[in-house]
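Let me begin by presenting the structure, written as structure tokens, before commenting on it.
The values are calculated or read from the model by the stated rules, or taken from the named source; none is laboratory data. Bear in mind the structure is a predicted one, so any value in this text is a computation, not a measurement. Using ideal geometry, Cβ is built from the backbone for each residue, glycine included, and neighbour counts are taken over all protein chains shown. Surface accessibility is based on the protein's heavy atoms, side chains included, excluding ligands, DNA and RNA. Shrake-Rupley method; radii C 1.70, N 1.55, O 1.52, S 1.80 Å.
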Amino acid sequence: GGAVGDAEATLFGAPLVVLIDRGTASAAELFAAALHDNGRGVLVGEHTFGKGLIQRVFPMPNGGALKLTVGEYMRPTLAPIEPGVGLEPDLLCLDTPRGAAEPVDACVDMAVSVVRGRAPKAVRPLARLPLLRTVRPLAE
């Protein structure tokens, strides 16, 4: 197994591709990681932002604020989403849409190829892991 298009890369029987880039952060990263780590999706694009932290803002009496990290999201593999590193795509694609004059997006084209079972050979095998993990609180 592990080839794109196999049953392990599907959700409800259909192949699933998640497009990611440096703007993918927080809950979107966690969602992409959960699909990927559980063998239900292939990540196409570029490294994500790398914000797997849970932060709380405390207003200060002087009008300022204190932002405190109070938790960290964990991937199904129990690995953290490294700050500033993020998730690594299965298929690297750095294309940026150019607007109406040139509406073709190479990353979307690559994702369509993956869904149709014509993925490039660079796709890494997908793992099968438990579907649900909890948030790990930081030391109190």
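Quick rundown of the values:
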item	result
Kirkwood hydrodynamic radius of region 27-88, from inverse mean 1/r over distinct Cα pairs, in Å	12.9
15 Å beta-carbon shell around V85, net charge (K/R +1, D/E -1)	-3
Probe 1.4 Å, protein heavy atoms only - accessible area per residue of region 50-92 in square angstrom	59
Distant-in-sequence amide H partners of M74 (H built 1.01 Å from N, under 5 Å)	R136
Nonlocal amide H pairs with T24, under 5 Å, H built at 1.01 Å	F49
